[in-house]
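Asker: Supplied in structure tokens, the structure appears directly below.
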Amino acid sequence: MVTVWEENLKKVLLADKIIDQEQWLYASEIKKETAERLDQVLLRLNYVKKDQLFSALSSVLNIPYIRLNKENIDPDMVKKIPANYAYRHRILPLREEDGTLVIAMPDPFNIHLQDEIRLLINGNIRIMLAAEEEIVAAIHEYYGIGAATMEEIIETQVHGRAAEYKVKELKDFEKEARGDEVSIIKFVNQIITDAYKNRATDIHIEPFEQDLRIRYRIDGVLHEIPAPDSIKQFEATIVSRIKIMAELNIAEKRLPQDGRIRLSLEGEEIDVRVSTIPTIWGESIDLRILPRHRVLLGLEQLGVEGDDLKAIEKLIKLPHGIILVTGPTGSGKTTTLYAGLSRINTTDKMIVTVEDPVEYQLKGINQIQVKPKIGLTFAEGLRSILRQDPNIIMVGEVRDPETAEIAIRASLTGHLVFSTLHTNDACGAITRLIDMGIPPYLVSSSVEAALAQRLVRKLCLKCRVKHTLEDELVSELGLKPEDIRYQEIYKASPAGCQECNYRGYKGRTGIYELLIIDDEIRRLIVEKEPVSVIKQKAKNRGMRTLAVDGFNKVIHGITSVEEVIRVT
């Protein structure tokens, strides 16, 4: 039997040509067989999109369909419904109008729930249609992540106790816990899961005198995550729970500790590196999220373009020498090295790496994990590698003079060596090696190139906006206003959109500065010329600086001037 609202829904969907008569009849048959509601059948069959269905239902039921990011939400009204209840039923109080509480919910047919809410608040309500995912995001924003779990803990007034867990599935931490431990584990799981879904690389849990701050690093920028006010009282329990998961000493609060959690999340295996440090208000924790089977990108996908790409293609095929990648921590140096190695990884080459940590697992390449506690340092690992008759060596980082010297000697004895250094620009790699005590003549004869890089956030293509640059910003990039006069420039939308989670940016790409050590540059190194002279000579010979490469991506609409200035 077709109800009145279903008949009206049919008319709207057919009139708007969202579905045809045949699809409607098929969906009606499915409804009879499964006893599902017709709107749910239409969604499941992918005949309608959620936006289309909600717009049609809004017209049929005379209930407004809203987008929560455009709504005026009163935080005081939000508190009228407990977080636990709001999260469980996927509802969100928005505001009060004429003594009636306006509620967003995804299911307008749940009359029982509506009656329950009226009893809960002892008042009248008015329903608005909203997408479930938007309601969940708003609950996290207005109540704070894990607020529902915090309420459960407060209600039972039970604090978690230490226990041993060695499991892979994240949800198994809850399954195997004792009754009074489940809530805190659930809260920690919510944080890890939420960070993973938001593409965060790090979770920071930081104690202060009056509160406990949670921040995610997304696309290289830290974002504070709303947390419930009650979280501070459970600080010690949360820290202990994370330590147990990482198999750290929960009794040791005075010294830094490092550990690892290996788990499976949404079908993907991930490593969570855990680092704790003592601060004056408690232990600060960093959780670094590392997918164990990340997709390895090619040089083009990393943002290497044009002449730089052609030059790197030639460099990585050299029979010997050192190629250095420089930049600060988290600038993607190791990813770039892996992209280069994968390009030349063939069965006729012996490739060995020594890393800390091994971030990508590459088939056909021998990878060594540094273990300083047992004496396996970069230098010791590099010595051992040389006895394995390799063609190509990758050293995760040149951290000390000993490693630098062995790498130099290896390159001079017929090996191609890849490594990284922490310097601000490509030319700085030369002076850093000399400062480590490597003679200039050895540097000039062994180093073939230095590639400096930074990561910039990419503009969201759905919401970026056209932009006119101020002359001051242009001059900060070392350019002249006439250089960009006829270029179409974009910047991030201040409001953002759903696609980019209202941040204006989504994803990152690299900007690069490639210094090729040719005969002229070698002469300057041997003559101990200052880095400014070497840099100017390289620019005269065609080297593009980080700022110039960044601006090239600005005029192609990939990133914004503000981003380039921020990282350079």
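Asker: Which percent of the accessible area of the stretch 1-158 is formed by carbon and sulfur heavy atoms (probe 1.4 angstrom)?
Answerer: On the way: 4100 of 8410 Å².
The nonpolar share, carbon plus sulfur, comes to 49 percent.
Asker: Measure of size requested: the Rg and Dmax of the stretch 1-138, with Cα atoms as the atom set and Å as the unit; please supply both.
Answerer: Calculated on Cα positions, Rg and Dmax stand at 16.2, 48 Å.
Asker: How large a share of the accessible area of the stretch 201-264, in percent, is made up of carbon and sulfur atoms when the probe is 1.4 Å and the other protein chains stay in place?
Answerer: Numbers: 1360 of 2910 Å².
Its accessible area is 47 percent carbon and sulfur atoms.
Asker: Another one. Testing the spin-label approximation: label points 7 Å from Cα along Cα→Cβ at VAL465 and GLU7. State their distance in nm.
Answerer: 4.8 nm
Asker: At each listed q (0.17, 0.18, 0.20, 0.21 Å⁻¹), what is the log10 of I(q)/I(0) that the Debye formula gives for the stretch 361-480 modelled as equal alpha-carbon point scatterers?
Answerer: Evaluating at q = 0.17, 0.18, 0.20, 0.21 Å⁻¹ gives log10 I(q)/I(0) of -0.90, -0.97, -1.15, -1.25.
Asker: Which peptide among 348-359, 222-233 comes first, and what is the full order, when sorted by highest mean count of other Cβ atoms within 10 Å? Show your work: numbers first, answer last.
Answerer: Details: 348-359: 18.0, 222-233: 16.3.
The peptides rank, most packed first, as 348-359, 222-233.
Asker: Could you give the nm distance between label points at SER230 and LYS539, where each point is 7 Å from its Cα heading toward the beta carbon?
Answerer: 5.9 nm
Asker: Can you pull out the cysteines in the chain that have no other Cys Cβ under 4.7 Å?
Answerer: Here CYS427 come out as lacking a disulfide-compatible partner, given the Cβ-Cβ threshold of under 4.7 Å.
Asker: What length, rounded to one decimal in nm, is gained on full extension from ALA35 through to LEU297, with 0.36 nm per residue of separation minus their alpha-carbon distance?
Answerer: Details: separation 262, 0.36 × 262 = 94.32 nm, distance 4.68 nm.
Here the segment from ALA35 to LEU297 would lengthen by 89.6 nm.
Asker: Further question on the same structure: Structure shown: which of LYS49/LYS462; LYS186/LYS253; LYS70/LYS186; LYS10/LYS31 lie over 21 Å apart, alpha-carbon to alpha-carbon? The partial results should precede the final answer.
Answerer: Details: LYS49/LYS462 19 Å; LYS186/LYS253 23 Å; LYS70/LYS186 31 Å; LYS10/LYS31 14 Å.
Pairs exceeding the cut-off: LYS186/LYS253; LYS70/LYS186.
Asker: Compute the FRET efficiency between GLU116 and GLU266 as 1/(1 + (r/R0)^6), taking r as their Cβ-Cβ distance and R0 = 41 Å, and round to the nearest 0.05.
Answerer: On the way: r = 32 Å, r/R0 = 0.78.
Efficiency for this residue pair is about 0.80.
Asker: Right, something else. Can you give the accessible area per residue of the chain, in Å², using a 1.4 Å probe? Intermediate values should be presented prior to the final figure.
Answerer: Details: 27720 Å² over 568 residues.
Averaged over the residues of the chain, the accessible area is 49 Å².
Asker: What is the extension gain from PHE109 to THR329, computed as 0.36 nm multiplied by their sequence separation minus the C-alpha to C-alpha distance, in nm to one decimal? Before the final figure, lay out the partial values.
Answerer: On the way: separation 220, 0.36 × 220 = 79.20 nm, distance 5.22 nm.
Full extension from PHE109 to THR329 adds 74.0 nm.
Asker: I want the antiparallel fraction of DSSP beta bridges within the stretch 320-436, as a percent rounded to 5. It would help to have the intermediate numbers written out before the result.
Answerer: Numbers: 1 of 19 bridges.
Close to 5 percent.
Asker: Based on DSSP H runs of at least 4 residues, each adding -39500 (n - 2.57), what is the mean residue ellipticity at 222 nm of the chain after dividing by all its residues, to the nearest 500 deg cm²/dmol? Walk me through the numbers before you get to the answer.
Answerer: On the way: 23 runs with 218 residues, N = 568.
Mean residue ellipticity, 222 nm, calculated: -11000 deg cm²/dmol.
Asker: In units of 2.2 N^0.38 Å, what is the alpha-carbon radius of gyration of the chain? Walk me through the intermediate numbers first.
Answerer: Working: Rg = 28.8 Å, N = 568, 2.2 N^0.38 = 24.5 Å.
Relative to the rule-of-thumb radius for its length, the chain sits at 1.18.
Asker: Once neighbouring chains are kept in place and the probe is 1.4 Å, which whole percent of the accessible area of the stretch 365-465 is contributed by carbon and sulfur? Show your work: numbers first, answer last.
Answerer: Details: 2050 of 4220 Å².
Looking at the stretch 365-465 in its full context, I get 49 percent from C and S.
Asker: What is the spin-label model distance, in nm, from ILE277 to LYS314 if the labels are put 7 Å beyond Cα along the C-beta direction?
Answerer: Taking the simple label geometry, ILE277 and LYS314 are separated by 4.4 nm.
The values are calculated or read from the model by the stated rules, or taken from the named source; none is laboratory data. This one's a predicted model, so the numbers in the text were calculated from it and none came from an experiment. Methodologically, a virtual Cβ is constructed for each residue, glycine included, from the backbone with ideal geometry; neighbour enumeration extends over all protein chains shown. Side chains included, ligands, DNA and RNA excluded: accessible areas come from the protein's heavy atoms. Shrake-Rupley method; radii C 1.70, N 1.55, O 1.52, S 1.80 Å.
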